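Novice: Encoded as structure tokens, here's the structure I'll be asking about.
Bear in mind that the values in this text are calculations on the coordinates, not laboratory data. Keep in mind the model is a prediction, meaning the values are calculated, not measured. Cβ sites come from the backbone with ideal geometry, for glycine too, and all protein chains shown count toward neighbours.
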Amino acid sequence: MITPKDFYRKLDRLIERIGKEKTSKDYFANIVAELENTFGDDLRITNIRLYKESGDSFALASSLPKAKTTGVTTKLPIDSEPVKRVLQNGSYIFDDPRLSIDPHISMQQEYAIPAAFTVRTKAKRWIFVFELKSGWVREEVEFCLNAVRTALNYRLFSDSIKNEFEQAAQIQRSLLPASTPMIPGYQIAGKSKPAELVVGDFYDYFEFDDEMFGVGIGDASGHGLLAAMLVRDVVTGLRMGLEKEMKMVHTIKKLNRVLHRSTFSTRFATLFYGEIERNGNLLYVNAGHPAPLLVRGDQVQELKANGTILGALPDITLQRAYAQIQPNAVLVMYSDGIFERLNRNEEQFGIPRLKKLVLKNQQRSAQEIMDLVFNTVFDFGQGKSWEDDATVVVIKRVGEAKS
């Protein structure tokens, strides 16, 4: 009999392996091998094999290490009493000779009884069947198998959720601009860094014709999947609604009404959207977003909010405003993850530092300015991971476009 101290030490190592083992096609085989190597002698466990749910039965899926492939049951009917016992209890020891999940085990010359436990992925259920040899102790076997079963189910569930988030992140990344538009007379650079797998910030470009293009940046409240879903709705709505001849205020108000009906009342988004003409005229609306900075020489103009956030109310106040982007002027749009980043003293990077940084480096290209902002703010936080989504879009007018 294994001592309690050794038992728990070995069980801890096994559960740690379950959590860290890469979930490849050999994942179950590797865990089974570890289970047998760790507890085979102590708990008298041997000849583990795996059955995968298929139609109305569980079919023998693979030959795991040390498992026999001849003289074993190849299919376990789902509606059979032994399988029902396993699925109902999670694990089951078939020590009653009148009930066996695999009669071949009990028919051996050497003493052996079958036992089993079940785990499930998102799409399938699995049953592990094994033999208990003479000398097994019920309390030890049941405790070990239930601990392993729980750890496996948790790992498989976690992987399933992670995969769904990764799919959501992939879909969301597809909503961000695939490339930067080439606009005569302008340099454009944009980037977003998520705090989590899916991001609540967004930005987009809108190419209308040679005379005008649009740019938008926004931030959905919160983090994670709900924020990502709101981002999807906003980006999709803007792409569907914005056209050169459409009035931006009308379009965004209509988008707000749609968002208010289709999202939780506590979810909202900020949005800055501007349309830039070839001659530098900028017409914009700012629905509660941090004011972009328009920098030229020693002057900094803040394009402050002139409307209400999107989604919180069925009808919002929103006005169109005007600014002029002179040659060599720089327009810097950003989310609150930039200026709210904290250093070790819990001090924010702040808007004044951002203004000073852009003023000092306005002669650089749009790409250089964007990279400099990200790198400076990241270093300000001592290189810690981003606590909030961070997005920067820089547009620089480099001179009059040639006709």
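Novice: On a 0 to 90 degree scale, rounded to 10, what angle separates helix 224-241 from the longest Cα axis of the chain?
Specialist: 40
Novice: Greater than 20 Å separation of Cα atoms is the criterion. Which listed pairs, Lys360/Lys396; Lys22/Lys122; Lys25/Lys124; Lys355/Lys384, meet it?
Specialist: In this structure, Lys355/Lys384 exceed 20 Å between Cα atoms.
Novice: So how far apart, in nm, are the two label points at Met107 and Arg120 if each is 7 Å from Cα heading toward Cβ?
Specialist: 3.2
Novice: Near Lys254, which lysines are there with a Cα under 25 Å away, not counting those fewer than 8 places off in the same chain?
Specialist: Lys244, Lys304
Novice: Mind giving me the FRET efficiency for Thr3 and Arg85? R0 is 41 Å, r the Cβ-Cβ distance, nearest 0.05 is fine.
Specialist: E between Thr3 and Arg85, to the nearest 0.05, is 0.85.
Novice: Per residue of the chain, what 222 nm ellipticity follows from adding -39500 (n - 2.57) for every DSSP H run with n ≥ 4, rounded to the nearest 500?
Specialist: Value at 222 nm, helices only, nearest 500: -12000 deg cm²/dmol.
Novice: Follow-up. Between the stretch 278-325 and the stretch 328-385, how far is it from one alpha carbon centroid to the other, in angstrom?
Specialist: Their Cα centres are 19 Å away from one another.
Novice: If you don't mind, another one. Expressed in nm to one decimal, what extension gain is obtained for the pair Gln363 and Lys25 from 0.36 nm per residue of sequence separation less their Cα-Cα distance?
Specialist: Full-extension gain reported as 116.3 nm.
Novice: Using a Gaussian network model on the chain with a 10 Å cutoff between Cα atoms, which of Arg98, Arg267, Arg257 fluctuates the most?
Specialist: Among Arg98, Arg267, Arg257, the largest mean-square fluctuation in the Gaussian network model of the chain belongs to Arg98.
Novice: Something else about it: Angle between the Cα long axis of helix 4-20 and the longest principal axis of the chain, 0 to 90 degrees, nearest 10?
Specialist: So the inclination is approximately 40 degrees.
Novice: Next question, about the same structure. By how many degrees, 0 to 90 and rounded to 10, does the Cα axis of helix 248-262 deviate from the longest principal axis of the chain?
Specialist: 20
Novice: Among Tyr111, Tyr154, Tyr284, which one shows the biggest mean-square fluctuation in a GNM of the chain, springs joining Cα atoms closer than 10 Å?
Specialist: The residue that fluctuates most here is Tyr111.
Novice: Using only the Cα atoms of the stretch 4-164, build the gyration tensor, take square roots of its eigenvalues as a ≥ b ≥ c, and label the shape rounded, prolate or oblate: rounded if a/c is under 1.5, else prolate if a/b is larger than b/c, else oblate.
Specialist: oblate
Novice: Estimate the FRET efficiency between Glu139 and Arg344 by the formula 1/(1 + (r/R0)^6), using the beta-carbon distance for r and 30 Å for R0, to the nearest 0.05.
Specialist: Here the calculated transfer efficiency is 0.05.
Novice: Of the listed values (1) -0.41, -0.93, -1.18; (2) -0.53, -0.80, -0.95; (3) -0.44, -0.83, -1.02, identify the label whose number matches log10 I(q)/I(0) by the Debye sum over Cα atoms at q = 0.07, 0.11, 0.13 Å⁻¹ calculated from this model.
Specialist: Here the calculated entry is (2).
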